[in-house]
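Undergrad: Pasting in a structure now, in structure tokens, and then I'll have a few things to ask.
Here, each number is a calculation from the coordinates, and none is a lab measurement. Nothing here was measured: the structure is a model prediction, and the numbers come from that model. Cβ placement follows ideal geometry from the backbone for every residue including glycine, while neighbour counts extend to all protein chains displayed.
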């Protein structure tokens, strides 16, 4: 027999058991990811890169478990910040 959970009210805060059960999806719902701050709108960026350079970056990124997109954004930010100083 499954014990029914009573919803929390203003006079009752959820217990650690309630939180864990909700996180596990045991209350019939699926757990929601934590709220993140709204992200800035993005733009698509295409570049013609020599194949050998592209493959070398791709291999190194995979070895270091880093996304190529993250690398390009990091490099662009560093370049812009260097130009501003």
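Undergrad: On full extension of the chain, what length is gained from residue 78 through residue 36, given 0.36 nm per residue of separation minus the C-alpha to C-alpha distance?
TA: Computed gain between residue 78 and residue 36 is 12.7 nm.
Undergrad: Additional query: Got a sec? How would 53, 71 order by Cβ neighbour count within 10 Å, fewest to most?
TA: The fewest-first ordering by Cβ neighbours comes to 53, 71.
Undergrad: Between residue 69 and residue 23, what FRET efficiency follows from the Cβ-Cβ distance if R0 is 22 Å, with the result rounded to 0.05?
TA: 0.15
Undergrad: Say R0 is 30 Å: what FRET efficiency, to the nearest 0.05, do residue 43 and residue 13 get from their beta-carbon distance?
TA: In this case the efficiency is close to 0.10.
Undergrad: To one decimal place, what Kirkwood hydrodynamic radius in Å is obtained for the stretch 35-85 from all pairs of distinct Cα atoms?
TA: 13.1 Å
Undergrad: What ranking of 44, 21, 12 emerges when the number of other C-beta atoms within 10 Å of each C-beta is taken as an exposure proxy, fewest first?
TA: 44, 12, 21
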